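Each value in this text was obtained by applying a stated rule to the coordinates, not by laboratory testing. Bear in mind the structure is a predicted one, so any value in this text is a computation, not a measurement. Backbone-built Cβ (ideal geometry, glycine too); neighbour counts: all protein chains shown.
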Amino acid sequence: MRIPRKLEHVHHALQLGPGGNNGFGGIKLLPNCLPGISSDQIALNSRIGELTLSSPIIINAMTGGANETEEINRELAVAAREAGLAMAVGSQMAAIKNPEMASSYQVVRKVNPNGLVFGNLGSEATVEQAKRAVDMLRADALQIHLNVMQELIMPEGDRQFNGMLERIGAIVRQVGVPVMVKEVGFGMVRESVETLLSLGVKMIDVGGAGGTNFAAIENARRGQPMGWLNDWGCNTAISLLEALEAKRRAKTDVSLIATGGIAQTADVCKALTLGASAVGIAGAFLKVQRTKGTAALIGRIGAMHDELRLLMTAMGAASIEALQSMPVVIGGETERWCGARGIA
Ligand code: FNR
């Protein structure tokens, strides 16, 4: 029997691991030898759009839509509940087209009835499908994922991207919950972010390169027909800086989320210090859960919270908001990129 695509993605994501450079190596946090705060004062709550998060770390969209994925979603949801993290499910289109698949997503709401749960669909979704995805989970928000290069690499993938802006705009206006638009690991540049802002999007996950690599995954599934595209995209640090520049120019209150190759707490702290309101982690959490179990994942998230408090104390930032206004030094390739792109 053919292995469902959703499971192949899980297996290849685990096998390939993070794909290279997330860009945060070029960012340097500044020490504060006079922090004037105590560690037990540090608050980790954050805001994205109109949602309040008790942690700035989000378990990002991965799976659903096949039997084994129900177990993965259940275990990730237990971790989300125990650690107080918001969690997104993978694309719900499988269940929109095939309603008996809904339980593989609904399990997330079942084990975490009071947690923050995000639905997920692609930009091909209609308003009606978006509403069904939200209802399926009683979702607190809906993610719309963008994955153009992944589609183009798949022989059966989409080739027509007409109308996506109109559909995203209509979903933002009509779905009835906050909408987050996210890339899946190819990143975003200022011009794309500006377009999303013009549609009224208030939460953007820049989904940069440097972590799970869907070009490499689709190529690995088929014997590398287009391996030359495996380094397509902008890394996460650069994507975040591009999005911050769009936000600065537009003078709007959009919340930015950084995902893509984030596994270490130092990178969480760097993303927040640059100006992200939250970070998303997918592949690194999947790996801990699948190889070491749910208790280990809960332990890892707890350790990341402790490490983040430690770094925030050493920087003199008692809140995520305070962290966001701390200075950083940007060097190396990222500095050159910012210069070439006129990013202040
Ligand atoms: C994903 N990701 C994803 N994103 C999305 O919006 N809808 C989806 O269905 C999926 N499916 C999916 C499956 C698997 C197995 C993985 C690992 C990831 C992308 C994910 O949310 C994230 O944007 C990227 O994985 C980059 O983050 P990491 O993995 O580098 O932390």
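The table for this structure:
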read-out: Distance violations [Cα-Cα > 25 Å] among K202/K287; K131/K247; K6/K247; K6/K202; K182/K251; value: K202/K287; K131/K247; K6/K247; K6/K202
read-out: Rounded to whole Å, sorted largest first: equivalent-ellipsoid semi-axes of the stretch 13-114, Cα gyration tensor; value: 34, 19, 12
read-out: The stretch 165-243: Cα Rg divided by the 2.2 N^0.38 Å rule of thumb; value: 1.25
read-out: Net +/- balance of residues flanking P178 in space, Cβ distance below 15 Å, scoring K and R +1, D and E -1; value: +2
read-out: Simple Cβ-charge dipole of the chain, Lys/Arg +1 and Asp/Glu -1, about Cα centre, in debye nearest 20; value: 140 debye
read-out: Rounded D (µm²/s) - the stretch 256-344, Kirkwood Rh over Cα pairs, Stokes-Einstein at 10 °C, 1.306 mPa s; value: 111 µm²/s
read-out: Positive dipole terminus of the chain, leading residue within N21, P4, I330 (C-beta point charges); value: P4
read-out: Cα gyration tensor category, rounded, prolate or oblate, for the stretch 164-315 with a/c compared to 1.5; value: oblate
read-out: Stokes-Einstein D in µm²/s, Kirkwood radius over Cα pairs - the chain at 10 °C with 1.306 mPa s viscosity; value: 79 µm²/s
read-out: Assigned charges on the beta-carbon of Lys, Arg, Asp, Glu; the stretch 50-162 dipole about Cα centre (debye); value: 260 debye
read-out: Long-range HN-HN contacts of I58 with modeled amide H, under 5 Å; value: V279, G280, I281
read-out: Span-like helix ranges in the chain, DSSP H, alpha carbon extent 18 angstrom or more, Kyte mean at least 0.0; value: 236-250, 294-315
read-out: For the stretch 69-212, radius of gyration divided by Kirkwood radius, i.e. Rg to Rh on alpha-carbons; value: 0.96
